[in-house]
Amino acid sequence: MVDERTRAFGYAACAWAAVFAAISFYWGLGGTFALDTLGLDLERRAREGEAVSLGIGPGVLKLALAALALALAHPPRSPSRRVVSWVALAAGVGMSLYGLLMTGEKLLMKVGPIDVPASLGSERVGWYLFLWDPFWLLGGVLFIAAALAARAGSPTPSAAR
């Protein structure tokens, strides 16, 4: 039986990934709203027709994350349950580290010690500092919470016998 906390964190992580996937698919299918929040190079490439490769591929990967989160909320009744929680934990740690490191990097760009790459554009740093990089951190925290809740609620191999 999955407890409510595990389900809540699993659903929250799934919603985060689904929203992120929807944004990617929107851009991948040619949508232009909020493209100006991305780095200059990414925006240019999207507007020049590379939107499919820049949006659809990442969208599919984010949908896979949504499926992983859903598997935490509704875990399989098998030994793969532990594998699901370990994979989700690893994904959460990776996303959290990415979000933290990239937020730190953009903060250093904003205050001056690090030069802003031309491909990003100094006017876009704030979008990454306050939106995109913390959004990755949020997803990472949700996946970690869901994975830890699932592990806490799952029976140990000896208890399952």
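The values are calculated or read from the model by the stated rules, or taken from the named source; none is laboratory data. Note that this is a predicted model, so its numbers are computed, not measured. We place every Cβ from the backbone using ideal geometry, glycine too, and count neighbours over all the protein chains shown.
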Meets criteria (surrounded by 14 or more Cβ atoms within 10 Å (Cβ to Cβ), in contact (Cβ under 8 Å) with a residue 12 or more places away in the chain and touching a Leu at 6+ places or on another chain (Cβ under 8 Å)) for residue 39: yes
Is there a residue being in contact with a helix residue (DSSP H, G or I) (Cβ under 7 Å, 6 or more places away or on another chain) and of a type in the set (S, T, N, Q) anywhere in region 67-78? no
Specify which of the listed residues (104, 99) is in a helix (DSSP H, G or I) and either surrounded by 14 or more Cβ atoms within 10 Å (Cβ to Cβ) or within 14 Å of the chain's Cα centre (by Cα) (or both). 99
With respect to residue 31, is the statement that it is modelled with pLDDT under 95, surrounded by 14 or more Cβ atoms within 10 Å (Cβ to Cβ), small (Gly, Ala, Ser) and not in a helix (DSSP H, G or I) true? yes
Odd one out for residue 7, checked against (1) among the basic types (Lys, Arg); (2) in contact (Cβ under 8 Å) with a residue 60 or more places away in the chain; (3) within 20 Å of residue 96 (Cβ to Cβ): (3)
Restricting attention to region 75-86, and to residues there that are in contact (Cβ under 8 Å) with a residue 40 or more places away in the chain and assigned to a helix (DSSP H, G or I), which single residue is surrounded by the most Cβ atoms within 10 Å (Cβ to Cβ)? 85
Quick one: how many residues across region 110-134 are under 18 Å from residue 97 (Cα atoms) and either surrounded by 16 or more Cβ atoms within 10 Å (Cβ to Cβ) or of a type in the set (Asp, Glu) (or both)? 5
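Let's see how each residue does on (1) at pLDDT below 95; (2) over 26 Å from residue 129 (Cβ atoms):
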{"residue": "38", "(1), (2)": "no, no"}
{"residue": "44", "(1), (2)": "yes, no"}
{"residue": "47", "(1), (2)": "yes, no"}
{"residue": "59", "(1), (2)": "no, no"}
{"residue": "65", "(1), (2)": "no, no"}
{"residue": "75", "(1), (2)": "yes, yes"}
{"residue": "82", "(1), (2)": "yes, yes"}
